[in-house]
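Right, one structure below, let's go through it.
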Amino acid sequence: MDLNSIVRPNILNLKPYSCARDEYGGGNATVFLDANESPYNSPLNRYPDPLQRELKREIAKVKGVSEDCIFVGNGSDEAIDIIFRIFCIPGTDNVTAIEPTYGMYRVCADINNVEYRAVPLNDDYSLNSERLLAATDRNTKAIFLCTPNNPTGNSLDRGEILKIINRLNGIVVVDEAYGDFSSLPSFREDIKGKNNLIVLNTMSKAWAAAGIRLGMAFADNAIIHLMNKVKYPYNVSRLSQKEALAILKEKERTSNWIKTTLAERERVTRQFSQLPICIRLFPTDANFFLARVTSAQRVYNYLVQRGIVVRNRDKIALCNDCLRITIGNEEENNALIDALKSYEE
Ligand SMILES: *Cc1c(COP(=O)(O)O)cnc(C)c1O
């Protein structure tokens, strides 16, 4: 694919803002009088590294991706929005996505005035690449796929995703926000030799750091270059970069949290599936599960009264009477199950 042929002309021609710390690439300077910062209150007086180099070195190690194939953003939501702004001409282009899926793709499309084409998954939430590709046209600049998918929890078939990557003359975004909970291989490996694939990941889920707002995108260097050009210069704060670095260095701790969550998921789903309210519990590869219950609204209200909040997905396509429930710690999960055991219609 000719990447430049699908980039908005104004972005291709964009001369990005050049900040003081961009021009100074490191070295042995000690006196910084280049950015109108205060000399007081070190180190917070200093702007953060716009390219997050130290953090990317650690991400590269942990994720096995070369540093120049990594974009770091203010949550993966920033990466999603930037993809629209690089590729989609407002009022002309469109994106296509599976349905049901993560709500931010549509919100970003609406904000950017880009048509959003939602293509339903099969009834069992599996992906039909032909149906998705049939909904595209020459103005389709991106397809959004989420695996494991939110809110359904299942992983999409790798072969079907590869067919889409190989056939679309546009960007394929594979959102792996929950990939750390899955035993399937990541699409990170596939960015080599494919210049239309962007893989998203985040520190908000398995890394237990939603509060610092740290998202990542992995892609061919040509795409990363465009993303860096369009992002705000200092898009990730010094505090977030520092915290993210510290968290990534505690890889062992995160693996243990993931193991515990997966064991709890086994236990909770087993118990939930035996409850009288449970009509169907869908297979999950993530840190949550989707279940169809007798009445999603009534069970939801009942749980709220008990101080337990789950996500009612009843109004979402293919999810009537479904609740999406996050796996908490043992105590929280017990509170959920105990409450539901005493639920009466
Ligand atoms: C939670 C989630 C994210 C995370 O977004 P951040 O902005 O990184 O917090 C991304 N994609 C999906 C599908 C999610 O469910």
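Data for the structure
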read-out: Accessible area in square angstrom per residue, region 92-203, 1.4 angstrom probe; value: 36
read-out: 5 angstrom amide H check on residue 140, placed H, neighbours 5+ away; value: 94
read-out: Farthest positive-ward along region 60-156 dipole, Cα basis, beta-carbon charges - from 114, 87, 151; value: 87
read-out: Approximate spin-label separation residue 110-residue 222, in nm, with each point projected 7 Å along Cα-to-Cβ; value: 3.4
read-out: Gained length - residue 189 relative to residue 1, 0.36 nm times residue gap less alpha-carbon distance; value: 65.8 nm
read-out: Dipole in debye (nearest 20) - the chain, about Cα centre, beta carbon charges: Lys, Arg +1; Asp, Glu -1; value: 180
read-out: Carbon and sulfur %, accessible surface of region 131-181 computed with the full protein complex present, 1.4 Å; value: 42
read-out: Residue 66 versus residue 12: modelled label distance in nm, points set 7 Å from Cα along the beta carbon direction; value: 2.5
read-out: Sites residue 239 and residue 344 - FRET efficiency at Förster radius 45 Å, r taken between beta-carbons, to 0.05; value: 0.40
read-out: Overall Cα dimensions of region 84-147, principal axis frame, Å, largest first; value: 33, 23, 14
read-out: Length released on extending from residue 54 to residue 263, taking residue separation times 0.36 nm less the Cα-Cα span; value: 71.9 nm
read-out: Rounded to the nearest 20 debye, dipole of region 234-345 from Cβ charges on Lys, Arg, Asp, Glu; value: 360
read-out: Fraction of beta bridges assigned by DSSP in the chain that are antiparallel (%, nearest 5); value: 50
read-out: Magnitude of the charge dipole, region 191-300, Cβ model with Lys/Arg +1 and Asp/Glu -1, debye to 20; value: 100
read-out: For region 212-319, projected area of the alpha-carbon convex hull averaged over all directions, nm²; value: 10.8
read-out: Distance (nanometres) between label positions extended 7 Å along Cα→Cβ at residue 256 and residue 330; value: 1.4
read-out: Surface share of carbon and sulfur [accessible, 1.4 angstrom probe, percent] for region 184-304; value: 53
read-out: Estimated 222 nm signal from helices in the chain, with DSSP H stretches of n ≥ 4 weighted -39500 (n - 2.57), rounded to 500; value: -10500 deg cm²/dmol
read-out: P(r) weight above 28 Å for region 52-209, C-alpha pairs, percent; value: 16
read-out: Region 171-255: antiparallel DSSP beta bridges as a percent of all, rounded to 5; value: 55
read-out: Given charges at Cβ of Lys, Arg, Asp, Glu: the chain dipole, positive-most of 40, 272, 55; value: 40
read-out: Cα Rg, Dmax, the chain, angstrom units; value: 21.7, 71
read-out: Modelled FRET efficiency - R0 25 Å, residue 229 with residue 92, Cβ distances, 0.05 increments; value: 0.75
read-out: Mean projected area in nm² (Cα convex hull; one quarter of hull surface) for region 8-110; value: 10.0
read-out: Amide hydrogen neighbours beyond the local backbone of residue 112, cut-off 5 Å, H modeled; value: none
read-out: In Hz, Karplus ³J(HN,Hα) per residue of region 311-325 (6.51, -1.76, 1.60; θ = phi - 60°; x = Gly, Pro); value: 10, 8, 9, 3, 8, 8, 3, 6, 10, 4, 6, 10, 10, 9, 10
read-out: Packing-based ranking, highest mean first, of 183-193, 197-207 given that Cβ atoms within 10 Å are counted; value: 197-207, 183-193
read-out: Cβ-isolated cysteines (cut-off 4.7 Å), the chain; value: 19, 69, 88, 108, 146, 278
read-out: Burial order of peptide ranges 222-228, 304-310, 147-153 (average beta-carbon count within 10 Å, highest first); value: 147-153, 222-228, 304-310
read-out: Per-bin percent of Cα-Cα distances, region 256-341 [10 Å]; value: 18, 56, 25, 2
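The values are calculated or read from the model by the stated rules, or taken from the named source; none is laboratory data. The shown structure was predicted, so the numbers you read here are calculated from the model rather than taken from an experiment. No Cβ is skipped: glycine too gets one built from the backbone with ideal geometry, and neighbour counts run over all protein chains shown. Keep in mind that these areas ignore ligands, DNA and RNA; they rest on the heavy atoms of the full protein, side chains included. Shrake-Rupley method; radii C 1.70, N 1.55, O 1.52, S 1.80 Å.
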